Amino acid sequence: MKKKVFFKTFGCRTNLYDSQVMMSSLKDYEITENEAEADAIVINSCTVTNGADTHVRSYISHIEKSDSDAKLFLTGCGAHTKGESLLKEKRIHGVFGQSEKEKIDIMLSQEKPFYDPGDLNHIDEAVVDDFIGKSRAFIKIQEGCNFRCSYCIIPFVRGDARSMDEGRILEQITRLALNGYGEFILTGTNVGSYGQDSKTSLALLMKKISQIRGVRRIRLGSVEPIQISDEFKEILDEPWLEKHLHIALQHTSPVMLKLMNRRNVYKQDRELFELLADKGFAIGTDFITGHPGESEELWLEAMQNARELPLTHLHAFTYSKRDGTQSAFMKPEVNGKVAKTRLHEIEALIHSKNLDFRKAFSGELDVLIESEKEGFYHGHDQHFNKIVVDSDEDLVGNWINIQNYEVREDFNYAKL
């Protein structure tokens, strides 16, 4: 009988993809979705913030307090920042970098504790043709980042930007489409940099993906404002492109953007967002509150700018000092309670904007039902807004067109 392995994934869509690669590469182990019966637990970690590290440590503590005899293995970005210390503390059995994930059987079979950080120049060659427990397919198209934002540790744990082979990407999507997947989320460390090292582009790749039979909708991970090129703008009216784009700003104060070593300029960001809004796009962004140097005056300026932007979605978090980054040495620091108050303030603003967007939209919703919870079906529409559906039919994995629905505080609701 094969030993069983449980995968616990933290963080971004890139990690979700990497976990699927590991699952697809397993030959000597059986996957279980019940951690209590696992002989081995693979923790695919995130280290983008101190909070992310805390979540990983808390999970390890949870396993330690349980009756589990499973060996713990750490991979993901946290393997490079916390792996050695956790190994020395004997809290985990083995640590391996992202480049080693296709060797998962070898990693799990190691009898002695080990640390194998792998290669930060590695490019995936795996082809995933199924996503266990998912109705949408996550496609990693690139790895690493050439940006050097002053607060960010990710380039040091993921390496410089490098693109996956186009033919392999298209082969993978073709296989997944044949297996019934219709929605594809293109992901990576810095998705918009795809093709810069191979004389192609994200827009051209998306056009080729759209021509594959069975592809119904293409979503993108986070892109940078400067990556929405003229070529990209030419595909904005295509029916297969999600009507939601997540464009990372991180801040809207020009002074703060300079401190953060960001490449975007607020005036140009606003012009871009207004263009997208005019075309009916919902727009999400990333935002950091409490970065060193964020005075009350700069915060008020940022909030005023945020009110003027047509934003509908937000991924915001308080600044988290990361050793080895420029921001870690910057002064003055912002009090943690102040940073959290500012976080709640901008979250409330964008939540209100999202509600207004959903109330103003009078069209039909094109929804992929992703899951069922307590008798209700959950999915996302073309604007990446949540919808809850009450139906007597099993709708998981189905595409449905919804004409009549109710706009509620946190989601849209429909009864079929």
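Please treat every number below as a calculation from the coordinates, not as lab data. On a predicted model such as this, the values are computed, not experimentally measured, just so you know. Here the Cβ is made from the backbone with ideal geometry for all residues, glycine too, and neighbour counts use every protein chain on show.
At-a-glance table
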item	result
Trypsin sites (Lys or Arg not before Pro) restricted to DSSP loop in the range 5-59 with at most 15 other C-beta within 10 Å	K27
No Cys partner within the rule (Cβ under 4.7 Å), the chain	C12, C46, C77, C145
Computed over the range 365-415: relative contact order in percent, which uses C-alpha pairs under 8 Å that are six or more apart	37 percent
Choice from V255, V21, V42 showing the highest fluctuation, given a GNM over the chain with Cα pairs closer than 10 Å	V255
Relative contact order (%) - the chain, alpha-carbon pairs under 8 angstrom, separation at least six	10 percent
Amide proton proximity set for H315, modelled H, under 5 Å, gap of 5+	T285, D286, F287
Residue (of C77, I283, G293) at the positive-pole extreme of the chain, dipole from beta-carbon charges	G293
Sum of side-chain charges, E234 neighbourhood, beta-carbon under 15 Å (Lys, Arg +1; Asp, Glu -1)	0
For the range 365-415, size of Cβ-based charge dipole, Lys and Arg +1, Asp and Glu -1, in debye	140 debye
Fewest-first ranking of Y17, Y413, using other Cβ atoms within 10 Å as the exposure measure	Y413, Y17
For the range 3-116, size of Cβ-based charge dipole, Lys and Arg +1, Asp and Glu -1, in debye	300 debye
Evaluated over the range 3-116, the Cα radius of gyration and Dmax, each in Å	12.6, 35
Helix-only CD estimate at 222 nm, as mean residue ellipticity for the chain, using -39500 (n - 2.57) per DSSP H run (n ≥ 4)	-9500 deg cm²/dmol
Contour minus Cα-Cα distance for Q268 and E102 (0.36 nm per residue)	55.6 nm
Rounded to the nearest 20 debye, dipole of the chain from Cβ charges on Lys, Arg, Asp, Glu	840 debye
Partners for K321 among lysines (Cα-Cα distance below 22 Å; same-chain residues under 8 apart left out)	K82, K258, K331, K337, K340
Relative contact order %, the range 137-360, counting alpha carbon pairs below 8 Å whose residues are six or more apart	17 percent
Among beta bridges that DSSP assigns inside the chain, antiparallel share in %, nearest 5	30 percent
Proximal lysines to K199, defined as alpha-carbon separation beneath 26 angstrom and excluding residues fewer than eight positions away on the same chain	K140, K207, K208, K233
